[in-house]
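K.L.:
Please find one structure pasted underneath; my questions will follow.
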Amino acid sequence: MLREIISITGKPGLYKIVSRGKGTLIVEQLGSGNRLPVHARDRVVSLGDISMYTENGDTPLGEILDKVYASNEGKEIDIKSLVDAKGLKDSFGRAVEDFDRDRVHDSDIKKLYSWYNILLAADYTKFVEEKEEEKGRKEGRKEGRKKRRRRKRKRKTESSFGEQQTDGAASSRSRSVS
């Protein structure tokens with residue numbers, strides 16, 4: 001889900017990828033619905049590629065957003081009151097206890113909260129994709145391909161020699177006999 005949502009350097013807000021063209025992306029701004037082209041020269045980053053520093057390494061943005069969502073019970077965050085009260089790191093610390101307080105700056109938290117509010121306004125409430133489900137489907141497709149290849153090889157072997165050959169030795173014997 002977050003792979004389709006992008007941030008464009010120099011433009012406010014978040015955008016959803018609608019279409020891809022040659023050297024351009026057609027994006028739609030979340031909230032307003034305005035569509036615009038994004039050219040190859042524009043600096044674009046997918047939210048799925050972003051992570052935040054934590055004490056245990058980097059944590060993907062989707063997991064961070066899920067924690068913020070759970071901490072705030074799905075409600076919008078009032079960023080201005082937190083900035084005025086100097087409570088950005090405290091409120092973020094309640095949501096994500098193990099964030100790296102030295103490397104995560106107030107501006108990072110402010111941007112994360114503004115993205116969170118934009119995503120909530122656009123009815124996004126689930127931020128982490130079901131990787132296990134997707135992985136299972138991919139492995140199922142891979143297994144299906146392997147089975148089809150085996151059947152195809154088996155049919156070729158049967159049609160070549162009139163009977164099924166199980167190993168290389170048997171196939172060389174049948175050739176020398178004929």
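The values are calculated or read from the model by the stated rules, or taken from the named source; none is laboratory data. All of these numbers come straight from a predicted model, not from anything done at the bench. Cβ: placed from backbone, ideal geometry, glycine included. Neighbour counts: every protein chain shown. Please note that ligands, DNA and RNA were not included when accessible areas were found on the heavy atoms of the full protein model with its side chains. Shrake-Rupley method; radii C 1.70, N 1.55, O 1.52, S 1.80 Å.
K.L.:
What does the accessible area of Thr125 come to, in Å² to the nearest 10, when a probe of 1.4 Å is used?
P.N.:
Its heavy atoms expose roughly 70 Å² to the probe.
K.L.:
Calculate the length of the line joining the C-alpha centroid of segment 1-79 to that of segment 101-130, in whole Å.
P.N.:
Distance between centres, Cα-based: 9 Å.
K.L.:
Only Cα pairs under 8 Å and at least 6 apart count here; give the relative contact order of segment 1-127 as a rounded whole percent.
P.N.:
23
K.L.:
Using 7 Å Cα-to-Cβ label points, what is the Asp58/Ala40 separation (nm, one decimal)?
P.N.:
Simple spin-label model gives 2.5 nm for this pair.
K.L.:
Any idea how far apart Ser81 and Arg3 come out in nm if each label point goes 7 Å out from Cα toward Cβ?
P.N.:
Placing both labels 7 Å along Cα→Cβ, they lie 3.8 nm apart.
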